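Each remark here refers to the structure printed beneath this line.
The values are calculated or read from the model by the stated rules, or taken from the named source; none is laboratory data. Note that the structure is a prediction, hence the values are computed from the model and not measured. All Cβ positions, even for glycine, are placed from backbone atoms using ideal geometry, and neighbour counts span all protein chains on display.
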Amino acid sequence: MLRTVSFQDALKNLDLPGLHRNLFASPEWIEGIIRTYGTKFFVKYIEQDGRVVSYILYSVVKNFLEWKICIASYCDYCDGYVRSADDWRQFFQSLRQEYPQYRIAVRNLRDQYAREAGVFKELSRERFHLLDVRPPIEEIRRRIQDSYKAAISQSQRKGVTVRECPRSELKKFYELHLRVRKNKYRVFPQPFSFFSNIWDLFMEKGNGFLLGAYNDRGEFIGGNIFLVCGDTLYYKFNTSRHDSLAFRPNNILFWEGIRLAKRQGLSFIDLGSSGHDQTGLIRFKEHVGAQGSEIVHLGFHPEGYKFSKKRILKFATWFFTLPWMPNAMVKLGSKTIYHYLS
């Protein structure tokens with residue numbers, strides 16, 4: 001029997017297998033999204049003999065720009081716990097009946113049944129990297145490219161230190177994150193409330209860490225946010241000062257992330273996805289020994305669906321990230337516009 005409930009009701013009343021097998025289906029991550037953006041999440045599941053045997057987690061997006069079903073919003077990927085391509089076809093038909101005018105978007109990493117169901121078209125791909133940290137630390141270091149190890153040594157010679165940061169340092173991280181997003185990439189940062197919610201849901205429970213890099217004068221020059229789910233450390237957010245790149249903070253921060261994963265007894269580091277045109281970022285991930293694979297973007301749209309060109313968002317993004325725009329205005333734009341980027 002196929003049923004649908006809200007994500008909150010599913011957590012209260014159902015035993016959902018595999019819920020913590022990746023960060024982006026975890027209750028903590030979804031709760032952070034709900035608190036920040038008010039996104040509506042649902043679970044569609046197949047029940048047999050009183051237990052859930054197959055399910056998908058999805059969000060419903062309806063605004064003046066577009067109507068879509070997302071699996072799932074604000075997730076790098078979100079594979080369903082689906083046992084067969086036939087189950088996926090049942091989920092698809094149910095979504096089509098409930099939301100006949102909506103398009104469906106799927107960010108798929110390991111769920112091959114979504115691709116085999118024959119109901120979605122492949123839209124695009126991104127590179128995904130995963131680092132196995134089960135071997136001894138000496139072996140992991142041997143696998144790292146010599147140029148990367150040289151950068152770590154350079155950072156150490158320049159007096160850079162790395163330490164776990166208290167919550168009071170989160171605003172320093174955010175201000176630097178905002179500047180990088182605005183000045184280098186010309187995109188909005190997530191609102192600060194998102195990072196505050198992530199801290200409450202992960203760091204306060206010992207399942208997340210902000211590592212900060214400091215120069216020899218004690219100044220914050222870079223930071224990484226790592227989150228823990230299951231046996232994996234997620235390399236989720238990174239930022240660094242442009243005028244301090246010679247200190248190589250990104251290299252030493254990630255090396256300390258590897259050491260952190262080993263101390264926590266974890267098996268893998270998820271380095272996330274990169275566009276195929278982000279050659280520098282891909283090279284960074286491969287130089288630490290991470291193995292690459294593909295994240296596949298799948299989609300469906302009903303006949304006659306009018307895709308949003310998001311011209312309003314593109315103009316707002318361009319305007320609020322102009323070089324002369326005060327950071328206070330960037331924050332305001334982030335608060336009012338980022339929830340349309342789901």
Give me the pairs: first residue in segment 1-26 and without any contact (Cβ under 8 Å) to a residue 60 or more places away in the chain and assigned by TED's automatic domain parsing to the domain that holds residue 88, second residue among the aromatic types (Phe, Trp, Tyr) and outside any strand (DSSP E or B), beta-carbon distance under 9 Å, and six or more apart or on different chains, which are they?
24/74; 24/77
Given (1) without any contact (Cβ under 8 Å) to a residue 40 or more places away in the chain; (2) closer than 19 Å to residue 55 by Cβ; (3) not acidic (Asp, Glu), where does residue 135 come up short, assuming only one miss?
(2)
I need the full set of residues from segment 151-164 which are touching a Gly at 6+ places or on another chain (Cβ under 8 Å) and surrounded by 20 or more Cβ atoms within 10 Å (Cβ to Cβ), in order please.
162
Which condition number does residue 303 fail, the rest of (1) among the acidic types (Asp, Glu); (2) in contact (Cβ under 8 Å) with a residue 60 or more places away in the chain; (3) surrounded by fewer than 18 Cβ atoms within 10 Å (Cβ to Cβ) being met?
(2)
With the requirement that a residue be under 12 Å from residue 95 (Cβ atoms) and of a type in the set (D, E, K, R), what does segment 54-76 give you?
68
Only one residue in 173, 194 is under 30 Å from residue 324 (Cβ atoms), modelled with pLDDT of 95 or more, touching a Lys or Arg at 6+ places or on another chain (Cβ under 9 Å) and of a type in the set (Phe, Trp, Tyr). Which one?
194
Out of segment 294-315, which residues are within 23 Å of the chain's Cα centre (by Cα), farther than 22 Å from residue 118 by Cβ and either aliphatic (A, V, I, L, M) or in a strand (DSSP E or B) (or both)?
313
Scanning segment 232-265 for residues that are of a type in the set (A, V, I, L, M) and surrounded by fewer than 18 Cβ atoms within 10 Å (Cβ to Cβ), the one modelled with the highest pLDDT turns out to be 246
Limited to segment 11-33, what total is found for residues that are buried (at least 17 other Cβ atoms within 10 Å of the Cβ) and over 22 Å from residue 86 (Cβ atoms)?
11
Given (1) under 29 Å from residue 142 (Cβ atoms); (2) surrounded by 14 or more Cβ atoms within 10 Å (Cβ to Cβ), identify the lone condition not met by residue 317.
(1)
With respect to residue 204, is the statement that it is in contact (Cβ under 8 Å) with a residue 60 or more places away in the chain, closer than 27 Å to residue 37 by Cβ and surrounded by fewer than 17 Cβ atoms within 10 Å (Cβ to Cβ) true?
no
Filtered residues of segment 46-90 (kept if over 14 Å from residue 115 (Cβ atoms), of a type in the set (Phe, Trp, Tyr) and surrounded by 14 or more Cβ atoms within 10 Å (Cβ to Cβ))
55, 58, 67, 74, 81
Out of (1) surrounded by 19 or more Cβ atoms within 10 Å (Cβ to Cβ); (2) closer than 26 Å to residue 270 by Cβ; (3) out of contact with any helix residue (DSSP H, G or I) (no Cβ under 8 Å at 6 or more places or on another chain); (4) not aromatic (Phe, Trp, Tyr), what's the single condition that is false for residue 108?
(3)
Looking at segment 38-51, which of the residues that are assigned to a strand (DSSP E or B) and β-branched (Val, Ile, Thr) is farthest from residue 27 (Cα to Cα)?
46
